[in-house]
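Novice: Can you keep this structure in mind? I'll have questions shortly.
The values are calculated or read from the model by the stated rules, or taken from the named source; none is laboratory data. Just so it is clear, the structure is predicted and the values come from calculations on it, not from any experiment. Cβ coordinates were reconstructed from backbone atoms using ideal geometry, including for glycine residues, and neighbour counts include every protein chain displayed. Only protein heavy atoms, including side chains, enter the accessible area calculation; ligands, DNA and RNA are left aside. Shrake-Rupley method; radii C 1.70, N 1.55, O 1.52, S 1.80 Å.
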Amino acid sequence: MSLHDDAVAVLTAWTAPTAGEESLRAEFLDHLAAHEDAMLRECVPGHLTATTAVLSHDGARVLLTLHPKAGMWLPMGGHCEPSDTTLAGVALREAEEESGIADLKLLPGPLALDRHRVWCHPPHSWHLDVEYAAVAPEGAEAVISEESLDLRWFPVEEIPELSDEATRRLAARGRAALAERVAAGRGTAG
């Protein structure tokens, strides 16, 4: 199965928690149907990306990166690569690369969808973002990558103003998903 096929399967099976995200889900599926290269940065109108809220082991904090282009505190995430085979794999790869934390455990997802304007193809294009959450091992220490100006842990309820509602929503949904798994005795691994 190709990454494109995986994205279609993931989005077809996903139940959107809001009407707005249901509209995005349909838009993402239409985009995939119209563009064979929809998973790659080269797709000019826009392309699917994967984002991951990295949570502390107990779900109390979220690790955010100070994004150099956006100038905001955002979750880890980015573009698909030709070697990627699943959206979940992209989400985990990007989270580990940008956080410097090994052994992250991806929670079952996706947890949210978001569409935002970016600068990949001037004057702009769109990221059709499929969003996940992952849990860091206890005591994990983040390492700033060249893709970030800074990395910091923030309490999920205290994400800085210099962020956005999509980040707040994803962190809260990630924490809720982790709490649900722990309550059900399933741990953190997806």
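Novice: When region 160-175 is examined, which residues are found to be more than 16 Å from the chain's Cα centre (by Cα) and either within 16 Å of Leu111 (Cβ to Cβ) or open to solvent by 70 Å² or more (accessible area, probe 1.4 Å) (or both)?
Specialist: Listed by number, the residues that qualify are Glu161, Leu162.
Novice: Then there's this: In region 155-164, is there at least one residue being touching a His at 6+ places or on another chain (Cβ under 6 Å) and farther than 13 Å from Gly59 by Cα?
Specialist: No: region 155-164 contains no residue that is touching a His at 6+ places or on another chain (Cβ under 6 Å) and farther than 13 Å from Gly59 by Cα.
Novice: Can you find, within region 51-110, the residue that is nearest to Val143 (Cα to Cα) among those that are modelled with pLDDT of 95 or more and of a type in the set (Lys, Arg)?
Specialist: Arg93
Novice: Suppose we filter region 86-110 for residues that are farther than 17 Å from Leu170 by Cα, of a type outside the set (D, E, K, R), out of contact with any helix residue (DSSP H, G or I) (no Cβ under 6 Å at 6 or more places or on another chain) and assigned to a loop (DSSP other than H, G, I, E, B); how many remain?
Specialist: Within region 86-110, residues that are farther than 17 Å from Leu170 by Cα, of a type outside the set (D, E, K, R), out of contact with any helix residue (DSSP H, G or I) (no Cβ under 6 Å at 6 or more places or on another chain) and assigned to a loop (DSSP other than H, G, I, E, B) number 3.
Novice: Same structure again: Considering every residue within region 69-82, establish whether at least one is open to solvent by 10 Å² or more (accessible area, probe 1.4 Å), more than 20 Å from Leu111 (Cβ to Cβ), over 15 Å from the mean Cα position of the chain (by Cα) and touching a residue at least 60 places away in the same chain (Cβ under 8 Å).
Specialist: Looking through region 69-82, at least one residue is open to solvent by 10 Å² or more (accessible area, probe 1.4 Å), more than 20 Å from Leu111 (Cβ to Cβ), over 15 Å from the mean Cα position of the chain (by Cα) and touching a residue at least 60 places away in the same chain (Cβ under 8 Å).
Novice: Let me ask something additional. Of the residues that make up region 6-18, is at least one touching an Asp or Glu at 6+ places or on another chain (Cβ under 9 Å) and free of Cβ contacts under 8 Å to residues at least 60 places away in the same chain?
Specialist: Taking every residue of region 6-18 in turn, at least one turns out to be touching an Asp or Glu at 6+ places or on another chain (Cβ under 9 Å) and free of Cβ contacts under 8 Å to residues at least 60 places away in the same chain.
Residues checked against (1) open to solvent by 60 Å² or more (accessible area, probe 1.4 Å); (2) closer than 17 Å to Arg181 by Cβ; (3) assigned to a loop (DSSP other than H, G, I, E, B); (4) at pLDDT 95 or above:
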site: Leu113; (1), (2), (3), (4): no, no, no, yes
site: Val130; (1), (2), (3), (4): no, no, no, yes
site: Ala142; (1), (2), (3), (4): no, no, yes, no
site: Glu157; (1), (2), (3), (4): yes, no, no, yes
